[in-house]
Structures are given as structure tokens and as C-alpha cells.
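Take a look at the structure below.
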Amino acid sequence: MDWSRIPSLSALRAFDALARHGSLSAAARDLNVTHAAIAQHLRALEAHFAETLATRDGQAMRLTETGYELAEALGEGFDRIAEGVASILDRNALRPITVSLTPTFAEVWLMPRMRQFWDRHPDVEIRLLPSILLSDLRRDGIDLAIRFGTGEWPGYEVEPLSVSRFVVVAAPGYTKVKSLDDLGSLGAYDWYFSSAANEQRVWGRAIGVDFDKVGAMDMANNGMVLSAVRSGLGLSIQSRTLVEPDLASGQLVTLHEGDPEGLGYYIVTRPGVLTPGARAFRAWLRSMAQTQT
């Protein structure tokens, strides 16, 4: 396409409005510009084509034969553009929002609150992909991720999501440890983790417990871990939200709590514009996190 032969798109848009409304004033109101601006665009187009495109007929403007020809072409072109834009907007508005997140976050924090999101946004479909693996948002077609760590993921837009804290818990009387050094000296048979909960190991390393050296017992899921800990078989790192009822009843006690600086959950998105559904979900996550802090 030779763009040098095509007039200013602003002028073409002004002429399209003039052709549809039949007057300079009406076209100006439609485009929220001045009467003089529409007249100036008309003169620029007539100079470009070296032909008269419209003549004054009282308060109205009458198109010439060339003006009708241009108006018909512009109408078809702008209508096609509008259809294409609407198609993309509708597709993005209706397609499911794909969210990558850790299994622990999904189980402990998100799923108990999802009804509140769908009550506000019943037309937004959310597709959750729980995994301990670090997904490539662009390659895997992911709109938004919720990751646990220090927030250092280059190439992405990252913002902290302040949610529940983690704690070290055990059954009453299981151990008499009173410091982080004591925790670090415990053996592999003392620690119970879920293989689907990477946060437990990340948080533990951040407080100074080297699990590569100490070791731990891996269970298939976090429910089994909690059952073992409640039975007095060992201790574990858990979201405080999840074990709050056990702490309140005295079935479990905390041995250490307090998140290391910078460590926590983060909302991670690709640079650029999010779909309307993804924006709504991100805004809801922010608001829910604020009510929990």
C-alpha cells in the first residue's frame, strides 16, 4: 500500500461524518471537534483530490458525485474496521481467562473465595492451572499467574499480593524447639511436606532451614501432611489461614511465624494490555487481599 497517496485519516474520518450527517455542525458534534475543524479537513481533502467534494445547500452540505464516491468507499472501509475491532473485543471478552497458580494457593486461598468473584462477574469464565512448575505465560497462553517467591521474574509485570502468612506448626508437645537454629537442627523425619506445595520449601529456606541438607518426608498431598502433623508424627510449614482452626482448638501450635522480607505471593502478567476479564480478575484479587490483611 502506498500511504503517500492516502490523505490524513483524520480528514477522511471527518468527511465520513460529514457525509453521514449532512452538515458541518452535526459532523463536528459527532467527533467532538469544532465546526471550523471539519471545514478545514474538507478543504484539505478537496486540495488532495483537486476536486470539489461537497457544496453548501442552505445550512446543509450536498455531496458532489466524487463526494458520494468517496463517502461510499469510506463507509465500507470504516464499517469493516468496526467489524474487525468488535470481533476482537468480543472474542477477548468471552474467552476463558487462563490463570496459572500454585496448588496451595488454589486450595487454601482462592477456591474458598471464588464464589464472590463469580457473584460479581458471572460472565467471566476462569480456567485454573495449578502447578508447582514455572509456566511461560506467552508460550502457554496464560493471562495471569500467581507465583510465590521474591518477585524477581524479569520480563514480566509483577506486583505483590499480600495474603495469608506461613507458620511452622506441630502437635502440642512434639518438640521443645524455641529458635530457628533449633528448627534447622531437626532431622528429615521431623519435617512433612506435600510434593505439590513448593511454597513450604521456599519459605523454609528463606528462614534458614536447609532442606537439601536436612531432608524431609514428602507426602502425596497436603491433607496427608496435616493428618500426620496432627497425629504428632512431625512438623510442617503451612499457610496460617489453613491451620487457623487447629491453632484455635489447640490441636496444633506454632513454632515459628513471620514472613521473610520480600517473600510472598505475587500477581504476574505479561507486559501489555490485559483482556477485560483478566483486568476484572486482577482487580478482584487486589481487593480481596486488602480485606484479608
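The values are calculated or read from the model by the stated rules, or taken from the named source; none is laboratory data. All of these numbers come straight from a predicted model, not from anything done at the bench. When we count neighbours, we look across all protein chains shown, and the Cβ atoms used for this are built from the backbone with ideal geometry, even at glycine.
Things worth noting here:
- Segments classed as strands (runs of 3 or more DSSP E), wholly inside the stretch 199-258, with at least 1 members that are more than 18 Å from Y174 (Cβ to Cβ): 217-219, 235-239
- Residue check for A19: farther than 29 Å from R279 by Cα, crowded, with 17+ Cβ neighbours inside 10 Å and within 39 Å of the chain's Cα centre (by Cα): no
- Test: residue in the stretch 199-216 that is farther than 30 Å from D136 by Cα and at pLDDT 85 or above: no
- Checking G272 against (1) assigned by TED's automatic domain parsing to the domain that holds H121; (2) in contact (Cβ under 8 Å) with a residue 24 or more places away in the chain; (3) exposed (fewer than 14 other Cβ atoms within 10 Å of the Cβ), the condition it does not meet: (2)
- Considering residues of the stretch 136-150 that are under 22 Å from R205 (Cα atoms) and modelled with pLDDT under 85 only, the residue surrounded by the fewest Cβ atoms within 10 Å (Cβ to Cβ): T150
- Any hit, the stretch 157-179, residues being among the acidic types (D, E) and at pLDDT below 85: no
- Restricting the stretch 80-101 to residues that are of a type outside the set (A, V, I, L, M) and at pLDDT below 85, the residue that is farthest from the chain's Cα centre (by Cα) is E83.
Rundown of residues vs (1) β-branched (V, I, T); (2) surrounded by 15 or more Cβ atoms within 10 Å (Cβ to Cβ), yes/no style:
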site: F211; (1), (2): no, yes
site: A216; (1), (2): no, yes
site: G232; (1), (2): no, no
site: I237; (1), (2): yes, yes
site: A248; (1), (2): no, no
site: G277; (1), (2): no, yes
site: F281; (1), (2): no, yes
